[in-house]
Structure formats: structure tokens, C-alpha cells
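Undergrad: This is the structure I have questions about; it appears just below.
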Amino acid sequence: MSSQSEKSTKRTLERFHYSTDEVIEKPFNWKQMLRLFSYMKPYSRTLLPVAILGMFLSTAVRLAAPVLIGSYALDHIIENREMSFLAWMTALIAFLYLISYVGNVLRVRYMNRLGQYIIYDLRESLFNHIQKLSHRFFDQRSAGSILVRITNDVNSLQDLFTNGVINLLMDIIMLVGIIVILSIISPELTLAIMIVLPLMFFISTKLRRNIRRSWQDVRLKQSMLNSHLNESIQGIRVTQSFTQERPNIGFFHKINGQNYESWRQATKKSAMFRPFVEMSGAVGTAILLWFGVILIQNNALSVGDFFTFSLFLGMFWEPISRLGQVYNQLLVGMASSERIFEFLDEKPSVPEKENAEELDDIQGGIVLDGVEFAYDSERKAIHHMDLTMKAGETVALVGHTGSGKSTIVNLISRFYDPTAGRVLLDGKDLRDVKLDSLRSQVSIVLQDTFIFSGTIMDNIRFGRPDAEDEECMEAAKTVGADRFIQKLPNGYETEVEERGNILSVGERQLISFARALLADPKILILDEATASIDTETEQLIQRALEKLLQGRTAVMIAHRLSTIRDADTIFVLEHGRILEQGSHSELMNQRGEYFELVRSQFQETSAG
Amino acid sequence: MNTFQKLRHFYWPFKAYFFWSIALLLAVTGFTVAYPVILQFTIDRIILEGNYQWIPYAAIGFFILTMLKGVAVYFHQYLGDLFGIRSVYEIRNSLYEKLQFLPFRYYDNARTGDLMSRLTADVEGFRFFLSFGFAQLINVVMLVFLSLGIMFFYSPSLAFVTLAAMPFLIITVYKFDKKVHPAFKDIRKSFAGLTTKVQENISGMSTVKSLSKENFEMERFGGKNGDYKDKFIHTSNIWSVYFPFMEFIGHICVVVLLGYGGFLVINGDIQPGVLAAFFSLIWFIINPLMNLGFIVNTFSQAKASGERLLEVLEEPQEIADKEGAMEVDQLEGSVQFSNVTHRYAGETEDALKEVSFDAPKGSTIGLIGATGSGKTSVTQLITRFYEPDEGSIFIDGKPIGDYSLKSLRKNTGVVLQESFLFSSSVKDNISYGNPEVDMEQIVDAAKRSDAHAFIMDLPDGYDTVLGERGGGLSGGQKQRIAIARAICMDPGILILDDATSAVDMETEGKIQRAFQEVMKGRTTFIIAHRISSLMHADEILVMDEGKVVERGTHTELLRKNGSYRRIYDLQYKDQYQFLEEAKGGIG
């Protein structure tokens, strides 16, 4: 009973579900760190030494200046009252600051350059690697999760490379330097003040970690909020059609409230950070005031030294705080680099052989020889299939969803390799030829054509990037796309948005035909290319097809009889097997599955 | 200021947080400048004058002051943050509510990306100013003036000489900000370009691979990637020129302070402790000034963000319930159009031109015609997503505006060509329009749209949670869930806008048969390209360029030998042949 009611409340509460693909940090891992830093290697003799030199110069001055000002200048001013010494001191310090200025310019400039070069290399190798991965890889992941790795994950390493590494060095030098200098001036006062160091380290690590965790929670809530916002904008037409505005507002108030609450908690914690820093610093200052003055009273310390201490005390916090930050960056970098390396280590599931053959000038005869295929171990998409397509023939694959039509097409273009058997092109096993040379001979026109943002011309040219404008227009004319393109505001130069919003499905299809024609492949595959198009456009496409098919081996997947009937051979598939094969009239005479399929298309009209 | 005035009701109710935060900030500033004063006192009064017995008081006094300062810092920051996030909570709620009710016309021209950036980046920009920017502005002013006051109190001439370089600092900061903000904008823009490129590449991956254009894509990406790198390096170059220079100006002040201050001490004009105090005090002026540009910028950012938020919030909600609109539980479903003319905002041609028809309760109307002929406009007017420019629409004999939007849309089930599903369970997707229905009705709706079988095959059946936009399902499966969703509302009017184009023939047949039953007792509008989908309609309207060019039943229209006949011939020329062949086969 109670579980029932619990379930129903749960249902109304969780109107939408969002999962986030955000791993924020990972424990430290040396091997991965080394791999990450190997990206620095190309620059270890060029940019890196300059950045380190700059850092070294400015750090040295930062350490020297307080000593000169406090222990030397101030003491002389108070005790010797010697004007010339003061003048020399002032000039020296001015000169040092000039050096530090130069050092800073070098550091900032070369550190950033170094960081950016590394990020560029990393991103490029990631992107290029992904281009080489096979369909199987993309089947398993959402576009968003791949995008995040190339953009955000790579970016989150930016800080580590630009600032992290050099700062780490700089801060260690600073800390050690301060302690050494102070110890030389007065070991006992240094020892007394050092009490604050553990305190500062504690705040910098423990408290910071605590704060970081609560911000992670905020980010998670926020990304959920954004997912919902995004979805609710895209689905607004459905929401309004179904009058769900009010319930959605209720849902949003709830997640917005959760976000607010987690944010408030995080703020509560992170507001503690600064006070603790101030207070731990105050402990040190109070010790300095009290114990320092006692030392002065006993003539164990000069006023100038006292002042030097006070200057350095103010400089303690910065390196400690930054060391904590670098540590954070490392943990974030661990998570990001793990995700990046995961992709980089992914092997293409259709690898190219070492001695793969270049295909040129093929005929286009395709043979499936005892082919079996399974997308995953459980379901077999193709059971032991033998199939022959002669060069220059038009072949149609017919069957229900899941009968294996698309799988055959995927095997022919070698997006996947068969689990058993061979796919032969002009008698050569596809696994023995260069992928590039194979794919440049095979073009696919998909059911859902992707239009890239850019001009219409760019989109047609995508079929062959070195094609002239005239050739693109020629191709468009041949497939009958010219007519509607001319009607667009700027003709071929009209900009289309991503996914081609201003074009209808049929128009997009014609553009992809033009693309395919321009690519001039020997083998053409049409995957349900004419599904949801109005009758007149379909006519246009039929005519375009005739032009397109000339002199090529064509494989068509289609539902509509009008597209299939003229094929030289029709294969009727079911559950990954060939049921029937032959020409339209042969199959009609057989009165088998094909006959039934065709009849079902006319069933209603023949009845009426 | 006007922008802040208009957005006032979002943050002003929480003004108490703000004022307390500011009050505490004043205390913080006071405590901050106390340190150099104590230092001066320690050196001059305690050490040099030998009043060593006072030192415990100075040390403890300083410690207590810092503790107080810590408490003040904590509450200042917490309350300031709270002020921002509380206001933003309200703004977000209002924005979301607004977005839920904005008309289709708004969304026709809006881009998801742009709206999202308003809802995220602009909201954040506004919050940052409320939480941080405004208080910091006050802080800078306070700290600078208080430090200046103390310096002049100690030694006007030393203060003057030391701060002589300040105008240079201010000029540098000003120049730096002028250069660095556009540079940052360029970085953001370049990154957006890079993101778009990657996104497009991934979404279009099958197209890229099928045309074997990986290398071409790598090249194009390389350009974007390089551009981002160059923009970034350009910015860091600006940074590397200005930032060390600002620091250098600060150091010049230190050098001048040492030289002139030392001279004054030697001459006995000031005491050494004053000189020591100056070394702290000048950084209280230099550091805030270096940040001033950044802080001022948060203000202009917040103003710009606020304006963009107001654009959304002030968008007119054209289509709303009339005063005293009728709440109707169940509409009968008769629909009448009388001389309806409609033009979409920003278009140059009418989408509908004087369209009239009469759809009695329970009848079926078929709409056929080329893309852009106005079929969908008819249905969007029935659901009052747009309002016609001329003519009137009646439902159950009353003008459409007399009904509340809710009762109108609750009684109209729509299935669109591109079915949008939400990231929630299958069950919740089907019952989206009517969350109260029980499981039985959900299953019944799924069975009728031929979705039950494949839903049961999903890992968690009806409880399976779908990915964004129905991820994991094929186009046909999504379509069938969308159909179930419409059936589940039990509407008096059913609109099927090219609803079966994405499913295969066999399923289409099944759904069509299911529709026959579902349509009983409902007024149904079928938009289709296939004659087989709408041939049984009571009246078929053939649309062309916004006009009804032919109307009648299937048989009547065939006899007319017009455009309907032409479409029919195109679609059915195969059938004759098939029938011939079939006969031939038998004979």
C-alpha cells in the first residue's frame, strides 16, 4: 500500500529525468600525469626555458626587495642617518624592480603561449583521432558527451598548463626562500611565526576541499537546470499543445529551489574561507608584534629586521593558497585527461591494414560471401548471407525495419566489419584496401541528410571540396535542385543554418543528391532517400535519380514501390536473411512475400 | 539605471541582505586599515620610545580586531551572495513562466542558443553584479579614501610625492581595460565558433563518413582551433604588456616612498613607523585601482545582461485568455472557418487566403498540398497558436477566442511530423497532456498506436527513461509514442500533421487502422502527402499557396480532373500496372 502511494508521488515529482555526464575530479595518478606532461615536450627547449627564466627573475626580486628595504635601508635610515647610502639603495631597488618587470613580461607571455600551444596540440590530436573512429564508437555515445570532451575537458587543462606548472615552481621557490631568509635574520622569531604555516596549509587543503565539494553540487544542480531549460524551449510547441505550462512551471520552481538551496549552502561554506585566512595570518602577526618587540628590547633584532618580517609575513599566504589551487587544478586535470585519453586510446573498430591496397578505377561489383554480422553479442543482424551485385547494376533491398537492409549498406561502405565471412569489391576483400580509397568510391545518400551551416554552395561542394562553383551548379542542375536554389534570397550564396532550417526535407534531399553526384562515386547507396516528401518533389527526385544512377552500381533501400520497381535485382529480406530475389516481374509472378508487400501498399485503395 | 529600475522588484524585496552586507563591509574596511596604524604605533611609540610594557595590548588588540574583521567578512560575503542568488532565483522563475506562455510567433524567430545564453550567462552576469560588483565598487572607494586620509594625516608631502604616479596607473588601467575586453570577447566568439564546428561535425558524422570527408573536416577544424589559439595568445600579449607594467608603477611608488620617505626620516620630519605604515597603505590604493576596471566592467555587463533579460520579460504575450473566457470540460468538436486570412509576422505573403470550411462534429477533414501551401497553418489556428488577421473561427458555434486556451488545447490532440519527446519515462511521455490518467489508460493508448509491443521490449518497459529528445528510439517508435500521447488526452479534435511519414509501410497501415477507430466521435484533421492516408475523409481540401483550390470527397475530386486527380495519378500509376500484373499472374 504505502509503496504504491510512494511510487505515485515519485512520479509526479520526477516529471523529467536528467543525467549529467560530468565527472569533476579524480585522484592523482602519476602515469597519467606523465602522459599529460609529455605534451609539453616539444616546447621544453623553446618556450619553457624562457618562461622559467622570467619566473626566476621576478621571484628573485620579490624575495630580495623586502630584505633590502627593511633590514638594510630602514636600519640605515634609523641608525646611521646616511643620505648617500639611501640614494644607492633606492637606485639598486629601482633597478631590481626593472628586472622583475622584464621577468614578469617574459613569464606571462611565454607561459600563456606554452599553454595555448599544448592545448592546441591536444585538441587537434583528439579531434583528428575521433574522425578516424568507426560508427560503433558514435553509436554508443551521445553527440553532447563527445562535444564536451573536445571543448570543455580540453579547456579545463588550459589553466593547468598555462599557470599551474610554472606557479608550482614559483611558489615552492617563494616559500623556501622566505623561510631561509627569515631564518638567517632571526631563527627563533622564524620558528615562532612558523606556527601559522600548518594552520594555513590546513585551511588551504581541508576547508578548500570541503568548499569545492559543495560547489560541485551546485554545478550539478545547475547543469540539470540548464538541461531542462534547453529541453523546455525546444519542446515548447508540444508543451503548449498539451497545456502543460503550469505543471512544468511547478517542476521548474522545484529544481530552481534546489539549485538555490545548494548554492546557499556552498556560499555559507565558501564565505568562511577568507575569515580563516585572515585569522590565521593574524596569529602570525600577533606573534611577530609581541615576540618581535621582546627580541628588539633584548637587542636581538633590529627595527629594520622587524619590518622585513612584517613584509614577508604578508607574502606567506599567496604561495600557500596558490599551491592549494594548483593541487585542485591537478585533480580536475586528472578527470579531464582521463576522459580525453579514453577517447585517444579508442581503436577504430575497422582498422586499416598495414599493407592496405589503394583502390583505383574500380568496376563496382560487390559480393557478400558467407557474411554474418551482429551489432552486439545478443542480436544477430545478418545470418550467413551470400549476395552478388554486378557492376553497374541497380539493386533494391526491401524488407521491414530490422530486416538487415541498413546493415548490408553499412558493411559495403565498411562502417563495420562482418563478424564472419567476407565482403568483396571487384573480388578484393574490403579489409585489404585503404579505407580512404574505398569511401571515395562509395557515396551514401541518407534518409536524414545533414546540412552544414554555410552557403548552399558550400554544402554541395562538401561532396568534393576542390570542385569549382560551375561544377557545383552543374551538379545541382542535373539533379533538378537548381530551380529551388535560384528562388532562395541569395541563390547559391544563401546561408543555411545548421541542420538546414530554411529548407524542406525534399530540398535537403536534392542537395545531398547534388553532393553525391559531385563526388562521382562508382557505388551509390540510397538509404530510404525519399521517405517524407510531397508528391511533386518526389517526382523531381525520381527524375534526378535516373541521372544519378547512370554508370554506377546502386544499392537502394526503399519502401515505395515506384522507387524499387525499376531495379535490376530486388532482394527481399527478413530477419537478416534473403527471402526472395529477382526482378520486379519475376517476383510478382512468384506471388511470395514481395507480392504481398506490394499489395499491402495498395490494399486500401483497391478496397475503395 | 533604467534597467535596474525595471528589474527592481526582483531584488529590492531582499534589500535587507544588501544593506547589512554593505554595513559590514564598512566595518571590514575600517579593520583593514587598522593594521598599518598599529604597525606605526608599535615602531614609533613602543619600540623607539621604549614603552615595551604596551606591547601585549597592541598584539592582543590587533588579534581581537582581526577576529572581529573575520566575522564581519564572513557575514558581509554571505549576505552579499545571498542577495544575488535569492534575486536570481526569482528572476529565473519569472523567465521560465514567461517562456512557457510566449506565443509560437516568438519561438518562430527565437533561437534556442540565444535564449539559453540569456537564461544562463545573462542571469549569471546580473547576479555577479548584485552579489559582488556593487559591493566591490563601494569597497574600492572606501578603501582608497580611507587610506588616503590616513596618509595625509601622517604626512601630506610624503603622500603627495608617493602617489604622484597614480595618474599613470589610472591611465594604464583604463587603456588595459579598453583593449582587454574586446580581446576577451574575441576569445569567447572564437570558442563558440569552435564549439559549433565540433558539434556540427559530430551531428553530421554519418554524412562526413559516407562522403569520406574526414581530412577535409580536420582541415576546417584546424582553422578554428588555430584561431582560438591565436586569439588567446593575442589576449595574453595584451596582458603581458599591461599587467607587469601596472605592477611596475606600483613598484616605482615603493621606490619613491623609500627615497623620499627615508630622506624625511633622516631629516627628522617623520618617524620610521610612519614610513613602515606607508609601505602597507600604498598597496591599499594601488591594488583596488588595478581592479577598478574589472569592477566597473561588471556594472556595464550587468546592465547589458539586464537589458537582454528585460527583452524576454517584456515580450508581449499576445495570445491570452479573454476576460471571462469559458472553461469547457469537453468540446463537441465542430470547427468552422469563415474567410480566414493569415500572415506570419515578418513574411511578405499570406499563409492563408480567405479559407472557409465547415467541419461538423465527428467529421474527418483531409488537407493535401505541396510544402508551404498552408496546411499546417490551418491547424495552428484551430489550436490558437496564432490568431488570424482576418476572418473568424468557430468551435461548437462560438468564436474561438471565447474559450480559455486551456480548455481549447486540452480538447485538441496534435501529432506532428517531427515528434518531440521529453527526457522522462515512456509512461510520463504518453501521459504528458494528462498526468492524472491511470496506467490502464496509458497502456490502452499505447496499444492503439501500436506502441505497446516495442515498449514492453524496452529494458524497463513503461518506466524506461528516454534520453533527451527521445534518444534511443527510432523515428517510427518516437512517432508512435507521440500518437499515443495525443490519444491519451481523449480530445474532441484530433490533428494529425503528416503523422505517419516516419514509420514503415506495415506500421503505417496498422496505425491508420487504429486511427479509424480512434477518430470515431472526434473531429479529425489529417494532413498528408499520401492519398491513401486521407481518401476516406468526409471532405478533402486541396491547398495551394494558402488557398483552397479544390474541395470535396475523394470520388468527387477524382471526377474533377484537377490537381487532386494529378496527384492521384502520380501516386497510383504503379497500381494500375500492379493490378494488371496481378491479373496477368492469375490469368
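The values are calculated or read from the model by the stated rules, or taken from the named source; none is laboratory data. Predicted model, so just to flag it, every value in this text is computed and none were measured. A quick note on method: Cβ atoms are made from the backbone with ideal geometry, for glycine too, and the neighbour counts reach across all protein chains shown. SASA here: full protein model, heavy atoms, side chains in, ligands and nucleic acids out. Shrake-Rupley method; radii C 1.70, N 1.55, O 1.52, S 1.80 Å.
Undergrad: Nearest 20 debye, what's the magnitude of the dipole of the range A:187-300 about its Cα centre given +1 on Lys and Arg Cβ and -1 on Asp and Glu Cβ?
TA: Taking the Cα centre of the range A:187-300 as origin, the dipole is about 380 debye.
Undergrad: Turning to a different aspect of this structure: So what's the protein assembly as shown giving for Rg/Rh, alpha carbon basis, Kirkwood Rh from the mean inverse pair distance?
TA: 1.06
Undergrad: Turning to a different aspect of this structure: Roughly what % antiparallel, to the nearest 5, for the DSSP beta bridges in chain A?
TA: 55 percent
Undergrad: Size of the dipole of the range B:156-269 about the Cα centre, Lys and Arg at +1 and Asp and Glu at -1 on the beta carbon, nothing else charged, in debye to 20?
TA: Value, rounded to 20: 480 debye.
Undergrad: Need one number: the % of Cα-Cα pairs in the range A:187-300 sitting beyond the 20 Å mark.
TA: Counting pairs separated by more than 20 Å, the tail of P(r) holds 63 percent.
Undergrad: To continue, here is another question. Evaluate E = 1/(1 + (r/R0)^6) for residue A:341 and residue A:202, where r is the Cβ-Cβ distance and R0 equals 41 Å; express this FRET efficiency to the nearest 0.05.
TA: The value I calculate is 0.80.
Undergrad: Also, I was wondering about something else. Just the accessible area for residue B:116, please: 1.4 Å probe, Å², rounded to the nearest 10?
TA: 30 Å²
Undergrad: So which of A:353/A:405; A:405/B:510; A:353/A:547; A:434/B:213; B:6/B:410 end up more than 24 Å apart, counting from Cα to Cα?
TA: Pairs exceeding 24 Å: A:353/A:405; A:353/A:547; B:6/B:410.
Undergrad: PRE reach from residue A:315 (point 7 Å along Cα→Cβ): which of the range B:259-274 fall under 19 Å by backbone N?
TA: B:259
Undergrad: Moving to a separate point now. In nm, to one decimal, how far is the modelled label at residue A:353 from the one at residue A:176, with both set 7 Å along Cα→Cβ?
TA: Each label point lies 7 Å from its Cα, and together they span 5.7 nm.
Undergrad: A further question follows. First select every other residue whose beta carbon is under 12 angstrom from the beta carbon of residue A:426; then total the charges, Lys and Arg +1, Asp and Glu -1.
TA: -2
Undergrad: Then there's this: Identify, among A:351, A:444, A:66, the residue whose Cα sits farthest towards the positive end of the charge dipole of chain A, taking +1 on the Cβ of Lys and Arg and -1 on the Cβ of Asp and Glu, with the dipole about the Cα centre.
TA: Comparing the listed Cα positions along the dipole, A:66 ranks first.
Undergrad: A further question follows. Using a 1.4 angstrom probe on the protein heavy atoms only, could you order A:37, B:525 from most to least accessible area?
TA: Result of the area sort, largest leading: A:37, B:525.
Undergrad: On alpha carbon coordinates alone, what is the Rg over Rh value for the range A:366-607, Rh being the Kirkwood radius?
TA: Over the Cα atoms of the range A:366-607, Rg/Rh equals 0.98.
Undergrad: If the limit is 24 Å between Cα atoms, which of B:224/B:303; A:132/B:197; A:487/B:478 go over it?
TA: Pairs exceeding the cut-off: B:224/B:303; A:487/B:478.
Undergrad: Report the accessible area of residue B:9, computed with a 1.4 Å probe over the heavy atoms of all protein chains in place, in Å² rounded to the nearest 10.
TA: The accessible area comes out at roughly 120 Å².
Undergrad: Just name one of B:215, B:56, A:204: the one whose Cα is farthest towards the positive end of the charge dipole of the protein assembly as shown (beta-carbon charges, Lys/Arg +1, Asp/Glu -1).
TA: Comparing the listed Cα positions along the dipole, B:56 ranks first.
Undergrad: Spin-label point model (7 Å from Cα, Cβ direction): what's the residue B:315 to residue B:8 distance in nm?
TA: So the two model labels end up 2.6 nm from each other.
Undergrad: Mind grabbing the accessible area of residue A:72 for me, 1.4 Å probe, Å², rounded to tens?
TA: 110 Å²
Undergrad: Quick one: what does P(r) look like for the range A:285-329 with 5 Å bins over all Cα pairs, in whole %?
TA: Each 5 Å bin holds this share of Cα pairs: 6, 20, 22, 15, 11, 10, 8, 5, 2, 0.
Undergrad: Follow-up question, since we're still on this one. Can you tell me the Rg and the Dmax, both Å, for the Cα atoms in chain A?
TA: 35.6, 121
Undergrad: Counting each pair of different Cα atoms once, what's the Kirkwood radius of chain B in Å, rounded to one decimal?
TA: Across chain B, the inverse of the average 1/r is 30.8 Å.
Undergrad: Kindly flag which residue pairs out of A:254/B:98; A:26/B:185; B:98/B:406; B:179/B:229; B:361/B:520 have an alpha-carbon separation exceeding 20 Å in this structure.
TA: A:26/B:185
Undergrad: Here is a follow-up. Subtract the Cα-Cα distance of residue B:516 and residue B:300 from 0.36 nm times their separation in residues, and report this length gain in nm to one decimal.
TA: Gain on stretching residue B:516 to residue B:300: 71.7 nm.
Undergrad: Please report, in debye to the nearest 20, how large the charge dipole of chain A is about its Cα centre when each Lys and Arg carries +1 at its beta carbon and each Asp and Glu carries -1 there.
TA: 2500 debye
Undergrad: Gain in length, residue A:437 to residue A:136, computed as 0.36 nm per residue apart minus the alpha-carbon separation, to one decimal in nm?
TA: 106.3 nm
Undergrad: Can you compute the FRET efficiency between residue B:556 and residue B:171 using 1/(1 + (r/R0)^6), with r the Cβ-Cβ distance and R0 = 60 Å? Round to the nearest 0.05.
TA: 0.10
Undergrad: Ok, one more. Could you run the Debye sum over the Cα atoms of the range B:156-269, one equal point scatterer each and no solvent, and tell me log10 of I(q)/I(0) at q = 0.14, 0.16 Å⁻¹, two decimals?
TA: The computed values of log10 I(q)/I(0) come out as -0.73, -0.82.
Undergrad: Pick out, from B:430, B:156, B:282, the residue whose Cα sits farthest towards the positive end of the charge dipole of chain B, with +1 on the Cβ of Lys and Arg and -1 on the Cβ of Asp and Glu.
TA: Most positive-ward Cα: B:156.
Undergrad: What do the square roots of 5 times the Cα gyration tensor eigenvalues come to for the range B:1-40, in whole Å, largest first, as semi-axes of the equivalent ellipsoid?
TA: The equivalent ellipsoid of the range B:1-40 has semi-axes of 34, 11, 4 Å.
Undergrad: What does the extension gain come out to for residue B:196 and residue B:354, with contour length at 0.36 nm per residue minus their alpha carbon separation?
TA: Separation in residues times 0.36 nm, less the Cα-Cα distance, equals 52.6 nm.
Undergrad: Normalised by the residues of chain B, what does the relative contact order come to in percent, with Cα pairs under 8 Å and at least six apart?
TA: 14 percent
Undergrad: So, for the protein assembly as shown, what is the accessible surface per residue at a probe of 1.4 Å, expressed in square angstrom?
TA: Averaged over the residues of the protein assembly as shown, the accessible area is 42 Å².
Undergrad: Moving on to the next point. Share of chain A's accessible area from carbon and sulfur, percent, 1.4 Å?
TA: The nonpolar share, carbon plus sulfur, comes to 54 percent.
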